[in-house]
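First the structure, in the form of structure tokens, and then the observations on it.
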Amino acid sequence: MSPGPEDDFHKRPSIKLPLPDLLKGLLVDDWENVTKNQQLVPLPHKNPVNKILNDYLEYERPHRGAQSASLDVLEETVAGLREYFDKCLGRILLYRFERNQFHEFHDLWQSSPENGPKGPCDTYGAEHLARLLANLPELIAQTNMDAQSVNRLREELIKFTNWFSRKAGDYFVSEYETPSPEYAEKARSN
């Protein structure tokens with residue numbers, strides 16, 4: 001039997017991205033708030049993904065040499081996180097109960113791009129970014145990156161994840177909102 005696409009998939013480098021215990025706990029709380037308590041993260045988020053990533057760049061850039069390969073990798077990694085977040089939010093980062101909220105904002109992004117949030121990275125925050133980090137190993141395994149690139153990316157993601165965990169109190173919401181009964185009913189019926 002000749003090797004097929006499935007064999008190629010299994011040869012691709014996998015990535016283990018350890019999440020700090022604090023982020024794991026926040027992800028569990030987030031899941032309970034949305035799925036069990038049927039609450040939503042208030043949107044637009046007061047600390048959107050773009051702000052978090054820009055804050056990280058501001059923090060990390062001084063630790064890298066100007067015009068260095070290390071700085072290039074940092075900026076490429078952050079740009080990749082933005083791209084993945086924008087592409088993944090509506091597909092894999094939302095719980096069913098949040099989908100109507102997403103569609104409301106998606107319509108807003110389409111109808112008035114010059115006013116207010118312009119897309120997922122301007123609207124959603126730490127809770128959904130943490131969900132992306134939890135899903136990244138699976139997503140990266142689906143790329144064609146070589147082992148060396150995957151290892152370099154992993155190093156960058158671990159730095160970011162540790163920083164993000166230390167700053168969690170600054171970025172995660174302290175309270176979720178309870179949507180209207182109409183919203184809850186519509187979410188349950190979809």
Accessible-area value, Arg131, 1.4 Å probe, nucleic acids and ligands omitted, Å²: 10 Å²
Most mobile of His128, His45, His103 in a GNM of the chain (Cα contacts under 10 Å): His103
Computed over the chain, Cα set: Rg, Dmax in Å: 18.1, 58
Pairwise label distance in nanometres, Glu104 with Ala79, each label 7 Å out on the Cα-Cβ vector: 3.5 nm
Potential lengthening between Glu175 and Ser189 on full extension [0.36 nm per residue; Cα-Cα distance subtracted]: 2.5 nm
1.4 Å probe accessible area per residue over the range 19-61, in Å²: 51 Å²
Between helix 21-31 and the chain: long-axis angle, C-alpha atoms, 0 to 90°, nearest 10: 40 degrees
For the range 18-118, radius of gyration divided by Kirkwood radius, i.e. Rg to Rh on alpha-carbons: 1.03
The chain: most fluctuating residue of Ala69, Ala130, Ala141 per GNM, C-alpha cutoff 10 Å: Ala69
Percent accessible area from carbon and sulfur atoms, the chain, protein chains only, probe 1.4 Å: 50 percent
GNM result for the chain, Cα springs below 10 Å: residue of Asp55, Asp86, Asp30 fluctuating most strongly: Asp55
Estimated FRET transfer efficiency (Arg96, Ala69; beta-carbon r; R0 41 Å; 0.05): 0.45
Helix-only [θ]222 nm of the chain, DSSP H runs n ≥ 4, -39500 (n - 2.57) each, per residue, nearest 500: -18500 deg cm²/dmol
Cα centroid separation, the range 89-160 to the range 167-188 (Å): 18 Å
Contour minus Cα-Cα distance for Lys87 and Lys46 (0.36 nm per residue): 12.6 nm
Principal-axis tilt of helix 69-88 within the chain, Cα atoms, nearest 10 degrees: 40 degrees
0 to 90° range, to nearest 10: angle between helix 147-166 axis and the chain longest Cα axis: 40 degrees
Sequence-separation-based contact order of the chain, relative, with Cα cut under 8 Å and 6+ spacing, percent: 46 percent
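Restricting attention to the range 134-187, which GluC sites (Glu not before Pro) occupy a DSSP loop and are surrounded by at most 11 other Cβ atoms within 10 Å?
Glu175
The values are calculated or read from the model by the stated rules, or taken from the named source; none is laboratory data. Just so we're clear, the structure is a prediction, and the values are computed from it rather than from any experiment. Ideal geometry is used to build each Cβ from the backbone, glycine not excepted, and the neighbour counts take in all protein chains shown. What goes into the accessible areas is simple: the full protein's heavy atoms, side chains included, and nothing from ligands, DNA or RNA. Shrake-Rupley method; radii C 1.70, N 1.55, O 1.52, S 1.80 Å.
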